[in-house]
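Working notes, beginning with the structure itself.
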């Protein structure tokens, strides 16, 4: 996919639509959409955006950082010069939303059920045959950490229960989650 060409085509479409839109409110929305594309381009995020377009539905929900403890995350948030408002971070593999109000320097982390929705969707589609089986979670974690190129998501079995091994590519983070269903893996 030629992202430069795609961006030009989308910006052309936005410009033509903007030109033909009578409503000032809708014109402003098209200007904001065009500005978002320029921001992606000018901040060097085109390749990340391309990955998102190609793998967004398969990949686990995006996160910009991972921390083992809430204390580590709070320290990061406190020391960050401008926290990424609206981004997700992982704390002990649970998703949190970064909230930041620049004008009053208000910072916070809000726990969200982001991973639960993703896991429910994987379970709804039905798990495939596990790529590996383990008797303990520790053995599964050791296996996942030893993978030179881990799968974005892969079903595994731990003590006869389905789990999914996830790889958060953008932050090079690996995690295991129980799949929200019961039953014997295939």
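Could you give the length gained by full extension between residue 169 and residue 153, i.e. 0.36 nm per residue of separation minus their alpha carbon distance, to one decimal place? Each step should come with its number before you reach the end.
Details: separation 16, 0.36 × 16 = 5.76 nm, distance 1.08 nm.
Separation in residues times 0.36 nm, less the Cα-Cα distance, equals 4.7 nm.
Report the FRET efficiency, 1/(1 + (r/R0)^6), for residue 4 and residue 135, where r is their Cβ-Cβ distance and R0 is 41 Å, rounded to 0.05.
Between residue 4 and residue 135 the formula returns 0.25.
Would you calculate a helix-derived [θ] at 222 nm for the chain, using -39,500 (n - 2.57) for each DSSP H run of n ≥ 4 and dividing by the full residue count, to the nearest 500?
It comes out at -13500 deg cm²/dmol, rounded to the nearest 500.
What's the Cα-based Rg to Rh of segment 66-111, Rh via Kirkwood? Before the final figure, lay out the partial values.
Values: Rg = 9.8 Å, Rh = 10.4 Å.
My calculation puts Rg/Rh at 0.94.
Roughly how compact is segment 1-51, stated as its Cα Rg over 2.2 N^0.38 Å to two decimals? Don't skip to the answer; put the middle values down first.
Numbers: Rg = 11.9 Å, N = 51, 2.2 N^0.38 = 9.8 Å.
Against the empirical 2.2 N^0.38 Å value, I get 1.21 for segment 1-51.
What Kirkwood hydrodynamic radius do you get for the chain when you take the inverse of the mean 1/r over all pairs of distinct Cα atoms, in Å?
Result for the chain stands at 19.2 Å.
Compute the relative contact order of the chain as a whole-number percentage, counting only Cα pairs closer than 8 Å that sit 6 or more residues apart in sequence.
RCO, the chain: 15 percent.
For segment 66-111, what is the relative contact order in percent, using Cα pairs closer than 8 Å and at least 6 residues apart in sequence?
Answer for segment 66-111 is 33 percent.
For residue 11 and residue 107, calculate 0.36 nm times their separation in residues minus their Cα-Cα distance, and state this gained length in nm to one decimal.
Length difference between fully extended and current span is 31.2 nm.
Every number in this text was worked out from the coordinates using simple rules, so none of it is lab data. Treat the numbers as computed from the prediction; the structure is a model and nothing was measured. Methodologically, a virtual Cβ is constructed for each residue, glycine included, from the backbone with ideal geometry; neighbour enumeration extends over all protein chains shown.
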